[in-house]
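To keep things clear, I will list the structure first and then write my remarks on it.
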Amino acid sequence: MSRLVATAALFAAISLPAMAGEIRIACYSDGNECEATTELAKRFMAANADVKVVIDQMPYKAILESLPVQLAAGQGPDLARVTIFGPVMKYFMDLKPYIKDPGYWEKSFGAVLSWMRPDAKDKGIYGLPTQMTVTSPIVNKTLFDQAGVKLPGANASWDEWAAAVDKVAKATKTPYGMAWDRSGHRFAAAAISMGAKYFNADGTPNAVDDGFKAMASRFVKWNLDNTVEKDVWAAAGGGYRDAFEEFANGKIVMYHSGSWQLSRLQKQIGDGFEWQVVGNPCDVACSGMPGGASFVAFKDSKNPKDVGRFLDFLADTPVYSEWMAMTNNIPAHAALQKGGVAYKLSPAGNAAVQMFGANAAKLSPVAYQLQGFPYAGAMFNPTVDRLSQAISGQITLDQAYGRITSDVADALAAAAKK
């Protein structure tokens, strides 16, 4: 079955009319989130025999690209696991009438609930965070040891890290020093550390400034001189692509990704080599990007009360804590961030959780502002498309800057008309 046919089949299943008491969930996994939710759903259904929870698992790219089309046609699911809210925000259902204690939700998840709102005046609750994430570099410590190269210090710059991983790669005959997920979100983390502001003083979006250019020029250069694996960004096909398999297979020294990879790091690499999460490089700032997926609810749901019941079940502190332990995710629950999740992790996994938390504490206010912007995708997507073209030699870097600026303006204008 082709990928296109498979994706169509998945969404065809979602678009089936919901039965009384049935909840359909479009779900993607970073690690095992859909499987863990399925296990918890079985427990929920055992206690609520009048509700059936159907979880349709699919690739992240299918959620990103096909969900808005399904919702526009009135054939979307009741819930979907989403990371970029702007394109589907107008279809959100306010859960406040259907959950038992909105105050508990605000107290526990308030920092993330605001990301799902169109503006600061809106007080609706539109979904349940399934994790809190922070971007962070992950290194193959074994390769550093084999090369006899020390890890750069806690406040090392991106240039210092690039030089170090290049030295390690050459000494160990590793193909590349780094790989970055093909993602505007991942690029923004590094750009903000380099001083990118993403917004003007009056709050209007401004994707390309001196800080953005400082990182973009480095990133393109690193792709061209093999410091960064070029194929991740320059390969045909476009769209999101991570570089986890390259890291797991020992082809790169440093992987620029984030905390959502913890489960895969534990499962796929284990003790195959020593991997280590390190601090985000420091230039103007030492910042990554916050983020995380949420189960968002849609207003065309035929069973909103049952949606509320199921999300209340998942949001309950003991269940939510268990859910985070099952998925090896950082909780978006404020109290649980201070402790209370009984992870079953290796020593490397425990160290990774600690470092992810330390990196979260250093996030720039710009990073939170960008993540909370409903149309952040309008800046992320052109960044990926145009820098990829510059890496491939289709356009110059100056042309990329101009086209990113115009693409962002066009995307925001189109969004304003909807």
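Annotation: amide H-H contacts under 5 Å for residue 332 (H modelled 1.01 Å from N, sequence separation of 5 or more, or interchain): 131, 132. Applying Stokes-Einstein at 37 °C and 0.692 mPa s to the Kirkwood radius of region 317-401, computed over alpha-carbon pairs, gives a translational diffusion coefficient of 205 µm² s⁻¹. Helical content alone sets the calculated 222 nm signal of the chain at -14000 deg cm²/dmol, taking -39,500 (n - 2.57) per DSSP H segment of four or more residues and averaging over every residue. Taking each residue as 0.36 nm, the span from residue 120 to residue 204 lengthens on full extension beyond its C-alpha to C-alpha distance by 28.8 nm. Quick check: Cα centre of region 254-302 to Cα centre of region 103-160, how many Å? Cα centroid to Cα centroid, the span is 7 Å. Computed over region 190-262, the alpha-carbon pair-distance distribution with 10 angstrom bins reads 17, 37, 35, 10, 1, each value a whole percent. Note on region 12-146: percent of Cα-Cα distances in each 5 Å bin, starting at 0 and stopping at the bin with the largest distance, equals 2, 8, 16, 18, 21, 16, 8, 4, 3, 2, 1, 0, 0. Using only alpha-carbon positions in region 75-191, the gyration tensor eigenvalues give semi-axes of 43, 15, 13 Å once each is multiplied by 5 and square-rooted (largest first). Taken one residue at a time, the phi angles of region 254-267 give Karplus couplings (6.51, -1.76, 1.60, θ = phi - 60°) of 10, 10, 8, 9, x, 5, 5, 8, 4, 4, 5, 4, 5, 7 Hz. Gly and Pro are set to x. Compactness of region 248-366 was expressed as the Cα radius of gyration divided by 2.2 N^0.38 Å, which yields 1.25. The label-point distance for residue 413 and residue 224, in a model that sets each label 7 Å from Cα toward Cβ, rounds to 3.1 nm. Of the residues 354, 389, 276, the one that moves most in a GNM of the chain with alpha-carbon contacts below 10 Å is 354.
Listed values for region 369-376 are Karplus-derived 3J(HN,Hα) couplings in whole Hz (6.51 cos²θ - 1.76 cosθ + 1.60, θ = phi - 60°), namely 4, 5, 5, x, 6, x, 10, 4, and x replaces Gly and Pro. Rounded to the nearest angstrom and listed largest first, the equivalent-ellipsoid semi-axes of the chain from its Cα gyration tensor are 35, 25, 20. Can you tell me which aspartates and glutamates have their Cα less than 13 Å from the Cα of residue 213? Leave out same-chain residues fewer than eight positions away. Cross-link targets: 398. For the chain, the dipole from Cβ point charges (+1 on Lys and Arg, -1 on Asp and Glu) about the Cα centre works out to 220 debye, to the nearest 20.
Given the C-alpha centroids of region 177-191 and region 198-240, what is the distance between them in whole angstrom? Comparing the Cα centres of region 177-191 and region 198-240, I get a distance of 8 Å. Remark: region 104-115, residue by residue, has Karplus-estimated 3J(HN,Hα) of 4, 4, 5, 5, 7, 10, x, 5, 9, 4, 5, 5 Hz, where x stands for each Gly or Pro and the curve is 6.51 cos²θ - 1.76 cosθ + 1.60 at θ = phi - 60°.
Modelled spin labels at residue 155 and residue 342, positioned 7 Å past Cα toward Cβ, are 4.2 nm from each other. Based on alpha-carbon atoms, the Kirkwood radius and the radius of gyration of region 154-211 give Rg/Rh equal to 1.12. Per residue, the convex hull around the alpha carbon atoms of region 310-355 comes to 68 Å³.
Values in this text are rule-based calculations from the coordinates and carry no lab data. As the structure is a computational prediction, the values presented were derived from the model and not from experiment. Cβ sites come from the backbone with ideal geometry, for glycine too, and all protein chains shown count toward neighbours.
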